[in-house]
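The values are calculated or read from the model by the stated rules, or taken from the named source; none is laboratory data. Bear in mind that the values here come from a model prediction, so they are computed numbers and not experimental data. FYI the Cβ positions are ideal-geometry reconstructions off the backbone, even for glycines, and counts take in every protein chain you see. Surface areas here come from the heavy atoms of the whole protein model, side chains and all, with no ligands, DNA or RNA. Shrake-Rupley method; radii C 1.70, N 1.55, O 1.52, S 1.80 Å.
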Amino acid sequence: MRRTVTITLHWLTLLLLVLVFAGGPMPVLAWAFGLSGLAMCATAITGGLLNGPGPKLEGGLRRAHPWLSWGMYTGLGLVAGVTLWVQIGQSWDGPPLPALYFYLLSASALHAIFHLWRHTALGDGALRRITPKSLHGLL
């Protein structure tokens, strides 16, 4: 069940991030992104990380893997939280939301490249963990 929830929230949050970045924080998209992002973070906080470094990832990357994962969740939680904060009419003195969306989308792209590398170069099946089982035949 946790795997299904995590996979669903992962892809939903990515889609909503792209939409709020491209179209600005339209209220319905901003609320959906903020809630899905915080739900994804809450799932990780209460159940732990669903991913792991895998047996083929070695050295510094293996040691850094959980820290990088929690860093991604921290960035997501911050951007999702600020998005909701602004939606309830509160002021935010930090970077503007479009910049936060850009930073999070950039970090997400690096995250995706890393997992594509793991899946292809290391052959550790990293993408199977986050894709629905119906798509595993394509990997």
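In the list Ala44, Ala22, Ala39, which residue meets the criterion of being more than 18 Å from Thr131 (Cα to Cα), under 12 Å from the mean Cα position of the chain (by Cα) and either open to solvent by 80 Å² or more (accessible area, probe 1.4 Å) or free of Cβ contacts under 8 Å to residues at least 40 places away in the same chain (or both)? Sole residue among the options that is more than 18 Å from Thr131 (Cα to Cα), under 12 Å from the mean Cα position of the chain (by Cα) and either open to solvent by 80 Å² or more (accessible area, probe 1.4 Å) or free of Cβ contacts under 8 Å to residues at least 40 places away in the same chain (or both): Ala39. Among the residues of region 61-93, the ones that are within 21 Å of Met26 (Cα to Cα) and without any contact (Cβ under 8 Å) to a residue 24 or more places away in the chain come to 9 in all.
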